[in-house]
Amino acid sequence: MMACGTLGDMQLALLDFIVIGGVLLTILIIGLLAGRAGNNNADDFFLGGRNMPWWLLGTSMVATTFSADTPNLVTDLVRQQGVAGNWAWWAFLLTGMVTVFVYARMWRRSGVLTDIAFYELRYGGRAGAFLRGFRAVYLGLVFNVLVMATVSLAAIKLGSILLGWPGWLTLLVTCSVTLLFSVYGGLRAILWTDLFQFFLAMGGAVAACVCVLGLPEVGGLQGLMTHPNVVGKLSVWPDFGDPQVWVPVLLVPLAVQWWASYYPGAEPGGGGYIAQRMFSARSEGDAVGATLLFNAAHYALRPWPWILVGLASLIVFPELDDIAAAFPGLAADKVGHDVAYPAMLSLLPTGLLGWVAASLLAAFISTMSTQVNLGASYLVHDGWARFIRPDADEAAKVRAGRWASLLSLLAGALLSLTLTSAGQAFNLLLLLGAGTGGLFILRWFWWRISAGTEIVAMAISLVVAAYFTWIHDGLGWWPMADWAKLVAGSLLTTAGWVAAAYALPPEHPEILQRFVDKVNPGGPGWKRFPSTAAAEGDTWNVPRALLQAFLGCVAVYGLLLGVGAALFDQGPQGMLLGILSGLSISGILRLQKKA
């Protein structure tokens, strides 16, 4: 195996640029070929014709979350909070597993083109229409642009450190490739390019990790685990003797964050591009299989190569000043713990450096193409075609989707120039949706939740987020940490919408009955609305589905932590976790057979 370089001697060779160019060209060709049948009508452009297999959809979900900013975020967490800091996103597995076993089938049965179209299925009247239009603009433009800006920020840092490119050049090259195939071929093109990009990115992450561990300064896994800069960062559990550590690192994510916050890829109750993939599945079974594959791969398969590189960066670049000194061309406001990941990749040898750089650029393209298509589906289907041009034909909808894709991509790229770190954007995204998650979960199962309830929840959440972000860094005279703001925002918003659910009138009984007949949510929350499916013997399966979701979490966490134990030379513990994971999978299969 080729040896990694040494600090300060990184230089891209012609071979690296050939590899990068070849990868970008391959992505473009795959997208254009796959998209030839994906631009005939809105269903084709936004949902791939609704006949996609589970393995392609699940891989696409994983590729979309394998964005250029994700390894940067993981590195940021590891450097500042240790391996345990990853519970900030590991906790979202709970949301994902509930989506797999509880919500995936109901989303599929709803038959809507976007998750925002759900509003007029579940609610009615002017309030339901207002919610649909407002969420189309808020999620399709405001929220989506913020997500794309976060991803673009990572691409800027990647290009600056690995390629020596200014931010505008990195964005120009990658966004041009993204637009060419996603605007032409729609979701079908995106799904097939995602398949290529996943294997490219996963292979690059593993190869980079192996090379970094081989650095003389690191000294392999043994040298990494015994280095004084790393020893205190290795535990997957926070220090339970210090509430200032374990409360924000573990308790808040597992007790509040997973259900309270609306975060891309882990929306409570399902939503966003996860819901889009479920709508495009060819059957309910494919929708469930896709989301299950995504959660297993996202949480158990991918994190460790990023974590190990993040730990190694504490040896090579122990302080931010070391990164700044090594990369004087990097703008001062972009120097943060998150850039330690691309900084470590700069030590890779010729050829491998090009492969890894290309894989991260491909990951950026994968995420951006999904966000572009998803945002355009909201703006066109739930905004423009619903309220402005309801008589628009299919060709007009596709044209409008292409223009919406172009404008939102430009807005996200421009906004990225004002952000400084992945952690900053992550916390802002969590805060923006704090407290609304409980409503998104319960609106399927409680008839009293109305459009007015959702409007109250959104209003309170936006006011709280604006207050903590731009007006005051706490409540009154009491300054608050980010985790405390999240908890406070979640409690205030949840209390507000629960009170509104009782105070405001529910939707008209005919609307609620129509929802029950189409989706068949079942349960005590719909007792007054009899279900045709229930009358035919289709029993309420949510209790069993929740048990499957619990076993799914045990299985994935067992695999995740078992791999970590094996890497850190804790063989017996890793074996026990592996057995626990296997037993949980067996339990899921037994319950599925009974169903």
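The values are calculated or read from the model by the stated rules, or taken from the named source; none is laboratory data. If you're wondering where the values come from, they're calculated on a predicted model, not measured in any experiment. Counting neighbours? That spans all protein chains shown, and the Cβs are built from the backbone with ideal geometry, glycine included. Just the protein is used for accessible areas: all its heavy atoms, side chains included, with ligands, DNA and RNA removed. Shrake-Rupley method; radii C 1.70, N 1.55, O 1.52, S 1.80 Å.
Dipole magnitude for the chain: about 1760 debye, using +1 per Lys or Arg Cβ and -1 per Asp or Glu Cβ, origin at the Cα centre. Rounded to the nearest 20 debye, the dipole magnitude of region 196-349 is 440 debye, with +1 charges on Lys and Arg beta carbons, -1 on Asp and Glu beta carbons, and the Cα centre as origin.
The residues of region 4-151 expose, per residue, 30 Å² of accessible area to a 1.4 Å probe. For a straight C-alpha distance cut-off of 22 angstrom, the lysines reachable from Lys518 (same-chain residues fewer than eight places away being disregarded) are Lys527. Shown are Tyr184, Tyr557, Tyr123, whose ranking by accessible area with a 1.4 Å probe and every protein chain present, most to least, is Tyr184, Tyr557, Tyr123. When Rg and Dmax are taken over the Cα atoms of region 217-370, they come to 19.2, 54 Å. Counting only aspartates and glutamates at least 8 places from Lys485 when in the same chain, those with an alpha carbon closer than 17 Å to its own are Asp473. When the Cα convex hull of region 434-553 is projected onto planes of every orientation, the mean area is 9.4 nm². Could you tell me the center-to-center distance, by alpha carbons, between region 56-107 and region 312-348 in angstrom? Cα centres, region 56-107 to region 312-348: 25 Å.
Each of the peptides 95-102, 176-183 was scored by the mean count of other Cβ atoms within 10 Å over its residues; in descending order, highest first, they stand as 95-102, 176-183.
Surface analysis of region 235-376 yields an accessible area of 26 Å² per residue, using protein heavy atoms and a 1.4 Å probe. Computing percent of Cα pairs over 36 Å apart for the structure here picks out one of (i) 42; (ii) 34; (iii) 54, namely (ii).
Express the carbon and sulfur contribution to the solvent-accessible surface of the chain as a percent, rounded to the nearest whole number, probe 1.4 angstrom. Ligands and nucleic acids excluded, carbon and sulfur give 67 percent. Here is the list for region 477-525: chymotrypsin sites (Phe, Trp or Tyr not before Pro) lying in DSSP coil, each with at most 11 other C-beta atoms within 10 angstrom of its C-beta, are Trp477. Only helices reaching 24 angstrom along their own axis (Cα) with mean Kyte-Doolittle hydropathy no lower than 0.5 count here, and for the DSSP H runs of the chain these are 14-34, 167-213, 352-377, 394-415, 482-503, 542-567, 571-594. Compactness of region 60-173 was expressed as the Cα radius of gyration divided by 2.2 N^0.38 Å, which yields 1.40.
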